[in-house]
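The values are calculated or read from the model by the stated rules, or taken from the named source; none is laboratory data. Just so you know, these numbers come straight off a predicted model, no measurement behind them. All Cβ positions, glycine included, derive from the backbone under ideal geometry; neighbour counts span all protein chains shown.
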Amino acid sequence: MELYKIDEKGLAEAMARVMEDYRVVAPVEKGPKHVFDDIEDWSDARPMAVGTVLPPKKYAFPQRETLLRFTLTGETPEAEAVMDDTPVVMAGVHPCDIAGLRCIDHTLAGRHFDEHYGARRMNAIVFGFDCMPDEHCFCTSVGTLKAESGYDLFFTPIQTGGFVIRIGTPRGRQLFEKYFQHAEGAGVYEESLEADFRQRKAEAVTAHIDAPVDDLPEVYQESMDSEVWDKWGAVCFSCGSCSLVCPTCYCFDVQDRVSLDGSEGRRDRIWDACTLPDFATVAGGHDFRPTAPKRLIHRHNRKFNYQQERYGEPHCTGCGRCGRSCLVHINMVTVANELIAEQKGEEA
Amino acid sequence: MALAADSSIYVPEPVTLLETEQPTELEKVFRVKFDSGRPLGHGPGQFVQVSLFGIGEAPISICSCPGNDEYFEMTVRNVGMLTNKMHQMADGAKFGVRGPFGTTFPMDEMKGKDLVMVAGGIGLPPLRSLILPVMENRDEFGKVFILFGTRTPQEILFADDLKAWNEIPNTTVLQTVDQGDDTWDGNVGVVTTLFPQVSVDPDNTYAAIVGPPIMYKFVVMELAKLGVADERIFMSLERRMKCGVGKCGHCQINQVCVCMDGPVFRYSEARDMTEAI
Amino acid sequence: MKPKVAFFSFTSCEGCQLALLECENELLDILGAIDVVKFREAMSETSDEYDIAFIEGSISTPHDEEKIKKIRDTAKVIVEFGACAATGGLNAMRNSMGTEEDHYEELREKVYGPVGVEHFRSTKARPVHAVVPVELTIPGCPVDRGHLLEVIEAVLVGRSPRQFDHPLCVECKLNDTVCVVEAYGQMCMGPVTRAGCDSICPNVGDACEGCRGLLPSGNFAAHQQMLEEHGNSKEEIRLRYLMFNAYPCEELEVPLP
């Protein structure tokens, strides 16, 4: 694969030109944290910032989205699908969030293809950026230290300054050729600098799951009755934060809204979370998952067991957002390691 | 990239309500047809998403016989906002339907076998979409037992059907109510109390179960006592659903979506899923 | 036929009526869809025939109690309109400052002087549903315009409005709002407070004070412990709970530090 390099100034110039033609979003500062937002000046972008409140999945699958518009005036109600295929360049997407998008693809772009997601997703251009972990990151435990694919362009900082660029798609190549005139070809030396960065990144990860990720489905399957769930369930707020900030969660609710004159309306989908009370309540009142421990079991198994078994990769990407946002310190690594320790104890 | 604005899995197709019948205080049977004239083309056990703009959508089982090109039928219990609105509809009303969705009871696999079909309350309508084609092709199946339990005699659905099926040779309809009254001289007790009257060749028997969540475990125990293997027991599960197409996550049990991988499951699969029954 | 709607004020600041008047873009549509027959903040003529009664304010005097029962006899639908009506609101802070038997005598004297003791008899401050059954609730101090419009729409369409049976944290996340506890260690009631205001306070960096009422499903013990971990004293936490939720604390038997 061809490798290129660009310095900070060249990147800023390239991005300024990209911004002339495209909507560009990137992590920006918000108080002491970062969020993905529209930028008009590349100097506002913090493409390497970890732990944005929400992952960039919101550009492919927005928090609130109108699916249909309908009119109620005629004899037969009529509906029209609403799609948004405006291209958006997402700059600063880290390997964990690239993996997150792929996980959502399995469901929303799998059987019964969701055209609303598809329209946005296909037009969401991924400029991946490498990053340095904070104490919540655990990409090395779930195989997301490095993105092998899923990006149009990928930027890794190198010690001599600037970035090494990899091109991941034909679309990425077109964009690269059109906008990145200041990039130069790179060779074995730059490749070693890239590897060097990744090495330092891997070494900076402090949170680790104490078992290979492939072993986790069995660990979780055998732990359905573990007291670990009761312990964490007792302090869980059932606030849904963990699910809502997750780069692989896609559950949604559907709500209709009608104009006050009753002539027209829309059908929206809004993110939902399986950790919220009533998520599994059916008409008539029966709740299939009525307690916080049961909801936690479901959520954590969706990450390391159910979806992993179904689609062949963990649906936790090690981004650490759920751990950062949980005010009572429930996080994937702690829970996984407690379950693993418990099973090792039982075996011994 | 241009996408046709109507190419969405969430756009319902218009249907017209042909007529309704109200067998019980809470349930109404809706007979509808697509305005486009297309047949629903459902299999036994499938469901549709009924869509009322401004209100929302709800999954509703089909209770009519597969293969009917003229119309399809749904039995709707008035328990929520959408079903309440449906109950207020007059003949000729227009609304939306998406579907059919989900898995079916495997009619072909059941051919030549004895059948035990167990329904509790509002579970009879979905099971009816299996019973009707079985009755239409009665000589292709062995002995058939239909077990139906309701809370009270007032909640009995499809009474005429039950009576007619019971008159078909080699077919036995057994009914029970949790609580009897003056009008009731039949069996009183939960649906499992009917099992002593069931006699089938267990190695050659298929079972189908649809009912309230609490019922499954106990019916499965009775079927096990009869000697029916888990692989030949089928059950339709109910869960909260928003989309019907495996997207919204509400109906997920373990790694399956009830709307897409179900609602009809083989018990040998459902058995190993935590939370399934 | 357009539903006839009346607005009534009980113990409150009437700020929720003003919140309705602030729906400037939608006001004409609202007036096109409903027939307002009583609205003290905006009109002088009134009628005693109505289908829907919006009740603002808590029930906190013997006179309030009589009046709300009469309204219940007339209205097909009663809407608790705002925090005071929905939860007792700020008014209920006084519930722990005296007794119902002496009609909060000491407190009244402090506020109104000797005249008050004689004339302003008061009971415990209660939400409307503590006195008569209600159909709908729009909590908040003041009510959220979006929620208000959604309820009006739902009533017109014949849909049950959303209940928001989940904590405010949901809306903070949907809005990409930086968590004020995580970032600033603020004493936020969001994790135990009913959503539906679109996280208006955290969106601008302020902690939620709980004006939409405690969630029955709230994990209060864990929430209080979490606030302590962030350096808040037991007394501060207790007062924060009692500020907007004195009555819900009693209603839901919330253990206070």
* Asked: Quick check, is B:Arg38 basic (Lys, Arg), more than 27 Å from A:Gly262 (Cβ to Cβ) and within 16 Å of the chain's Cα centre (by Cα)?
  -> no
* If we keep just the residues of the range B:21-36 that are within 14 Å of chain A (Cβ to nearest Cβ) and not aromatic (Phe, Trp, Tyr), which is surrounded by the most Cβ atoms within 10 Å (Cβ to Cβ)? -> B:Val32
* Just for helices (runs of 4 or more DSSP H) wholly inside the range A:293-348: which have at least 3 residues that are within 16 Å of the chain's Cα centre (by Cα) and not assigned by TED's automatic domain parsing to the domain that holds A:Ala99? -> A:321-325
* Is one or more of the residues making up the range A:90-107 facing chain B (nearest Cβ under 8 Å) and surrounded by 23 or more Cβ atoms within 10 Å (Cβ to Cβ)? -> yes
* To do: Can you tell me which residue within the range C:10-34, out of those that are among the charged types (D, E, K, R) and within 10 Å of chain A (Cβ to nearest Cβ), is farthest from C:Tyr50 (Cα to Cα)?
  => C:Glu26
* **Flag if C:Ser160 is modelled with pLDDT under 95 and polar (S, T, N, Q)** => yes
* Asked: Of these, B:Lys163, B:Lys143, B:Lys111, which one is of a type in the set (Lys, Arg) and without any contact (Cβ under 8 Å) to a residue 12 or more places away in the chain?
  -> B:Lys163
* Asked: What do you reckon, is B:Met221 away from chain A (no Cβ under 14 Å) and not small (Gly, Ala, Ser)?
  -> yes
* Asked: Residue check, A:Asp225 against (1) within 12 Å of another protein chain (Cβ to nearest Cβ); (2) surrounded by 14 or more Cβ atoms within 10 Å (Cβ to Cβ), all met but one. Which one?
  -> (2)
* What residue, of C:Pro161, C:Pro133, is surrounded by fewer than 24 Cβ atoms within 10 Å (Cβ to Cβ) and closer than 24 Å to A:Arg266 by Cβ? -> C:Pro161
* Asked: In this structure, does A:Val50 turn out to be hydrophobic (A, V, I, L, M, F, W, C), more than 14 Å from chain B (Cβ to nearest Cβ) and in contact with a His (Cβ under 9 Å, 6 or more places away or on another chain)?
  -> yes
* To do: Within the range A:252-279, track down each residue that is out of contact with any strand residue (DSSP E or B) (no Cβ under 8 Å at 6 or more places or on another chain), crowded, with 18+ Cβ neighbours inside 10 Å and over 23 Å from A:Met224 (Cβ atoms).
  => A:Leu260
* Could you tell me which residue of the range B:252-274 is surrounded by the fewest Cβ atoms within 10 Å (Cβ to Cβ), considering only residues that are more than 16 Å from A:Thr107 (Cα to Cα) and without any contact (Cβ under 8 Å) to a residue 24 or more places away in the chain? => B:Asp272
* Can you run down the residue pairs with Cβ atoms below 7 Å, 6 or more apart or on separate chains, where the first is in the range A:281-292 and over 18 Å from B:Ile277 (Cβ atoms) and more than 8 Å from chain B (Cβ to nearest Cβ) and the partner is part of a loop (DSSP other than H, G, I, E, B) and not aromatic (Phe, Trp, Tyr)? => A:Ala292/A:Cys236; A:Ala292/A:Ser238
* Residue that is acidic (Asp, Glu) and either in a helix (DSSP H, G or I) or within 19 Å of B:Glu73 (Cβ to Cβ) (or both), where the choices are B:Asp181, B:Asp185, B:Asp161 -> B:Asp161
* Asked: Does at least one position in the range A:15-31 carry a residue that is within 19 Å of A:Ile158 (Cβ to Cβ) and in a loop (DSSP other than H, G, I, E, B)?
  -> no
* Asked: Got at least one residue in the range B:227-235 being buried (at least 22 other Cβ atoms within 10 Å of the Cβ), away from every other protein chain (no Cβ under 14 Å) and more than 16 Å from the chain's Cα centre (by Cα)?
  -> yes
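Per-residue answers, yes or no, for (1) closer than 26 Å to A:Asp105 by Cβ; (2) crowded, with 23+ Cβ neighbours inside 10 Å; (3) among the β-branched types (Val, Ile, Thr):
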{"position": "A:Thr281", "(1), (2), (3)": "no, no, yes"}
{"position": "A:Pro293", "(1), (2), (3)": "no, no, no"}
{"position": "A:Arg302", "(1), (2), (3)": "yes, yes, no"}
{"position": "A:Gln308", "(1), (2), (3)": "yes, yes, no"}
{"position": "A:Cys319", "(1), (2), (3)": "yes, yes, no"}
{"position": "A:Val328", "(1), (2), (3)": "no, no, yes"}
{"position": "A:Glu338", "(1), (2), (3)": "no, no, no"}
{"position": "A:Glu346", "(1), (2), (3)": "no, no, no"}
* **Exclusive hit being under 21 Å from A:Val282 (Cα atoms) and free of Cβ contacts under 8 Å to residues at least 12 places away in the same chain, set B:Cys243, B:Cys248** => B:Cys248
* Structure fact -> Among C:Glu135, C:Glu80, the single one that is in contact with a His (Cβ under 7 Å, 6 or more places away or on another chain) and within 17 Å of C:Lys4 (Cα to Cα) is C:Glu80
* Structure fact -> Picked from the range C:176-200 (must be assigned to a loop (DSSP other than H, G, I, E, B) and within 11 Å of chain A (Cβ to nearest Cβ)), the residue surrounded by the fewest Cβ atoms within 10 Å (Cβ to Cβ) is C:Gly185
* Structure fact -> Heads up, the strands (runs of 3 or more DSSP E) in the range C:1-96 (entirely inside) with at least 1 residues that are closer than 17 Å to C:Pro139 by Cβ, in the same structural domain as C:Glu109 (by TED's automatic domain parsing) and within 22 Å of the chain's Cα centre (by Cα) are C:4-9, C:52-56, C:77-81
* Residue check for C:His129: in a helix (DSSP H, G or I) and closer than 23 Å to C:Glu65 by Cβ -> yes
* Structure fact -> Of the residues in the range A:1-27, those that are among the small types (Gly, Ala, Ser), farther than 12 Å from A:Ala183 by Cα and surrounded by fewer than 21 Cβ atoms within 10 Å (Cβ to Cβ) come to A:Ala16
* **From A:Gly284, A:Gly265, residue being outside the structural domain of A:Ala12 (by TED's automatic domain parsing) and part of a loop (DSSP other than H, G, I, E, B)** => A:Gly284
* When you scan the range B:164-180, how many residues do you find that are surrounded by fewer than 19 Cβ atoms within 10 Å (Cβ to Cβ) and closer than 20 Å to B:Thr192 by Cα? -> 5
* Structure fact -> When every residue in the range A:246-279 that is small (Gly, Ala, Ser) and over 24 Å from the mean Cα position of the chain (by Cα) is compared, the one farthest from the other protein chains (Cβ to nearest Cβ) is A:Ser263
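Table: residues versus (1) more than 10 Å from chain A (Cβ to nearest Cβ); (2) aliphatic (A, V, I, L, M).
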{"position": "C:Phe120", "(1), (2)": "yes, no"}
{"position": "C:Lys124", "(1), (2)": "yes, no"}
{"position": "C:His129", "(1), (2)": "yes, no"}
{"position": "C:Leu136", "(1), (2)": "yes, yes"}
{"position": "C:Arg145", "(1), (2)": "yes, no"}
{"position": "C:Ile152", "(1), (2)": "no, yes"}
{"position": "C:Asp165", "(1), (2)": "no, no"}
{"position": "C:Leu174", "(1), (2)": "no, yes"}
* Structure fact -> Condition set assigned to a helix (DSSP H, G or I) and aromatic (Phe, Trp, Tyr), scope the range A:219-249, selection farthest from A:Gly345 (Cα to Cα): answer is A:Trp232
